[in-house]
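Q: Quick one: the structure is below, and I'll ask about it shortly.
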């Protein structure tokens, strides 16, 4: 019959192979959490599980996502606002939602070509990015305070409004834009 220490020893042996997964452990922390260099980070969660997305944040040294979806509802588990907020907070990651910087659903319909996206983003730049100076200042302050990432669904930055928002925040903060993939 095995000793009581045997399961613990097996767990420690497993954790030693993957120390990055112990950054939140209160009992056995084999690696320290990375801290990202200052930048305007962006990321989409398309194609990722919520665990994969949170792992991306932790491995990249991100301390807070700034959700810039107008309607933070998702069919994929974990990406609905309340669930994502809870999961982030349980991983010692702050969560912020700024819906005023998103694009209304009605405007995102029928995006079939790059020209459709270009028209949508031109409108976004003329309307939202012109009228939401206070929200953009809030994002800039968040990004300057802690390593943060602008979050939306689309995996490709060129197909998402967050890239245009990131450029404006970059100009205000004087920080480089970096897309996490």
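Q: For segment 130-181, what are the residues that are in contact with a helix residue (DSSP H, G or I) (Cβ under 6 Å, 6 or more places away or on another chain) and part of a strand (DSSP E or B)?
A: Matches in segment 130-181: 148, 150, 152, 177, 179.
Q: Only one of (1) within 16 Å of residue 180 (Cβ to Cβ); (2) out of contact with any helix residue (DSSP H, G or I) (no Cβ under 7 Å at 6 or more places or on another chain); (3) not in a helix (DSSP H, G or I) is not met by residue 112, so which one is it?
A: Of (1) within 16 Å of residue 180 (Cβ to Cβ); (2) out of contact with any helix residue (DSSP H, G or I) (no Cβ under 7 Å at 6 or more places or on another chain); (3) not in a helix (DSSP H, G or I), only one is false for residue 112: (1).
Q: In the same structural domain as residue 55 (by TED's automatic domain parsing) and part of a helix (DSSP H, G or I), is that true of residue 92?
A: Here the answer is no, as residue 92 does not meet what is asked.
Let's see how each residue does on (1) free of Cβ contacts under 8 Å to residues at least 40 places away in the same chain; (2) in the same structural domain as residue 125 (by TED's automatic domain parsing); (3) assigned to a loop (DSSP other than H, G, I, E, B); (4) out of contact with any strand residue (DSSP E or B) (no Cβ under 6 Å at 6 or more places or on another chain):
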site	(1), (2), (3), (4)
26	yes, no, yes, yes
73	yes, yes, yes, yes
78	yes, yes, yes, yes
85	yes, yes, no, yes
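The values are calculated or read from the model by the stated rules, or taken from the named source; none is laboratory data. On a predicted model such as this, the values are computed, not experimentally measured, just so you know. When we count neighbours, we look across all protein chains shown, and the Cβ atoms used for this are built from the backbone with ideal geometry, even at glycine.
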